Amino acid sequence: MSRTVRTRGGPQVKGYSEAGASTTRRSLKSFIPRSGSPREDIDWNNYTLRQRGRMLYMAAPVATSAINTNRTKVIGTGLTLKASINREILGLSPEAAKEWQQRAEAEFRMWASRKQNCDAIGVNNFEGLQQLALKAWLMSGDVFALFKRYERTSFNPYSLRIHLIEADRVSTPTDYGATFSPSPRFTDGENTENGNRIYDGVEIDKQGRIVAYHIRNTHPGELTTKKTEWVRVEAYGKNTGLPNILQIMESERPEQYRGVTYLAQVIEPLLQLRRYTEAELMAALVQSFFTAWIQTETDPTDIPINETGAGDVVGFPGEEIDNLSESDDEYEMGPGTVVHLGEGEKVVFGNPNIPTTGFESFTKTVCRLVGSALEIPYEVLIKEFDSSYSASRAALLEAWEAFKMRRQWFVDDFCQPVYEVWLAEAVALGRIKAPGFFEDPIIRDAWCGARWMGTVQGQLDPTKEAKAAIMQVDRGFKTYEQVTRELGGGDWEDNIEQLARENQKLKDAGGGNYMAALSDNDNADERGEPKDE
């Protein structure tokens, strides 16, 4: 309601009461939203949102493009570990630090590259788990990575396995108060053993801190005779402090414990766009058919009727239609066919309506609105780069900002915690030496330092991008290391060492130093000399 101040002249409306909070303006009188707590607005509606988000991914091309584009740009072929320990705190020389990092990367690669080593169900390697986790996060709002321990073997010395759990399986047990009525879906409960509240499978303590997750053994939509049971998994180990389970999600409100599907805000326009597209597709399909009526002056009661109705003739252009009957009263059509009609008969063709001429412009407008909501510019969402170079590059840059942000979230929620849990086992087994790892948290954090390298931003004109990078390095705006990561996703020091070896091999083979020759040629203009073509 509007807040008023009583004056001699009567009530006076102030501030937002005369603007967005007005209840008297005609345009706002009927706009009376009701907002509840995050669990009321999100948890109680999440079951429906998940199903709709998944269905749109499976049935609406624009939704599929939005999620798959994120998968390709954020994860790509996989985020690769680049160990980056804090050697100053650890007191290591650059050489010793590099040797340790190479050993850790090799050990992690041995575990992560084989699906039977890292995946609890043996389907994906670590890169595949990253792709699956990101897609599940975007479709369902969140996804859970449960850490399991399997028996060590001679081929795999590590017991750690990752089991990805779909969002639906984390729910409040019915014994703790949850109900499964269609709408609203009440998901709150209470752990009767310790008094903790449970919000859609997430158990929190008196301070609101997550302490456990409740995982059911069946999917809510699964047809099964198996009895549904829940397992309580504590968020962190009591002795080690390491996580037992990870939750990958994006928060949009304080005190929010479950995620919302990436498509939540655009579900309705995506669904309507799908319906509109199907209607236009059907109209175009119907238009491609020929429908004909046979008009006759004979007595219709004298014409025998077949199963499909005498006189109904439908054919598809280019389709071979066999003559199924020898009756003079039945007609079939085919390509290049001449139909002989009886006396007093003639053929009349139908003329279906032409599909809407504004279809393309309308769908583009909807896709632009959807793309802006999902932080994917239209050009990137639809993969249509027919504008100018500047406009296309601006679209890529804008999209890449969102991809980088989402990649960092994913690294923080999934990749880095997995690496830290794996490294703890590697150190405990003695396969990697890390003095002080289990004794001092700051020492442990120094050993766990890492960067995760993924696909880099696409380039419309690599030559222009490279020249711009050279200018930025020359003026000190960026370092060689920064440019190397941005343009190629590699490590500058590794590149320099590799180039030194390669140039030496070229020199030994009598080929000279190609990079030096290329640089000398690029600087020919400054010396007033002609360039080699």
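The values are calculated or read from the model by the stated rules, or taken from the named source; none is laboratory data. Given the structure is predicted, the values throughout are model-derived calculations rather than measurements. Backbone-built Cβ (ideal geometry, glycine too); neighbour counts: all protein chains shown.
Odds and ends about this structure:
- Candidate set from segment 90-108 (those that are among the charged types (D, E, K, R) and within 20 Å of Phe437 (Cβ to Cβ)); member that is surrounded by the fewest Cβ atoms within 10 Å (Cβ to Cβ): Glu99
- Of the residues in segment 152-160, at least one is in contact with a strand residue (DSSP E or B) (Cβ under 6 Å, 6 or more places away or on another chain) and closer than 30 Å to Glu203 by Cα.
- Taken over segment 117-161, residues that are within 30 Å of Asp41 (Cβ to Cβ) and of a type in the set (Phe, Trp, Tyr) amount to 2.
This table checks each residue for (1) aliphatic (A, V, I, L, M); (2) within 30 Å of Glu268 (Cα to Cα).
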| position | (1), (2) |
| --- | --- |
| Arg71 | no, yes |
| Thr77 | no, no |
| Ser84 | no, no |
| Gly91 | no, no |
| Arg114 | no, no |
| Val123 | yes, no |
| Gly128 | no, no |
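- Test: residue in segment 397-417 that is of a type outside the set (Lys, Arg), without any contact (Cβ under 8 Å) to a residue 24 or more places away in the chain and under 22 Å from Lys98 (Cβ atoms): no
- Within segment 430-453, the presence of a residue that is more than 27 Å from Leu242 (Cβ to Cβ) and hydrophobic (A, V, I, L, M, F, W, C) is excluded.
- Residues satisfying the stated conditions in segment 371-396, i.e. over 16 Å from the mean Cα position of the chain (by Cα), free of Cβ contacts under 8 Å to residues at least 60 places away in the same chain and assigned to a loop (DSSP other than H, G, I, E, B): Glu384, Asp386, Ser387, Ser388
Results for (1) modelled with pLDDT of 95 or more; (2) within 26 Å of the chain's Cα centre (by Cα); (3) buried (at least 16 other Cβ atoms within 10 Å of the Cβ), shown as yes or no for each residue.
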{"residue": "Thr179", "(1), (2), (3)": "no, no, no"}
{"residue": "Asp188", "(1), (2), (3)": "no, no, yes"}
{"residue": "Ile204", "(1), (2), (3)": "yes, no, yes"}
{"residue": "Ile215", "(1), (2), (3)": "yes, yes, yes"}
{"residue": "Asn239", "(1), (2), (3)": "no, no, no"}
{"residue": "Val260", "(1), (2), (3)": "yes, yes, yes"}
{"residue": "Leu285", "(1), (2), (3)": "no, no, no"}
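- Selection of first residues in segment 94-116 that are touching a residue at least 12 places away in the same chain (Cβ under 8 Å) and of second residues that are surrounded by 18 or more Cβ atoms within 10 Å (Cβ to Cβ) and small (Gly, Ala, Ser), restricted to Cβ pairs under 7 Å at least 6 apart or on distinct chains, gives the following pairs, ordered by first then second residue: Gln101/Ala83; Ala104/Ala83; Glu105/Ala83; Glu107/Ala426.
- Here Ile85 qualifies as in contact (Cβ under 8 Å) with a residue 24 or more places away in the chain and more than 25 Å from the chain's Cα centre (by Cα).
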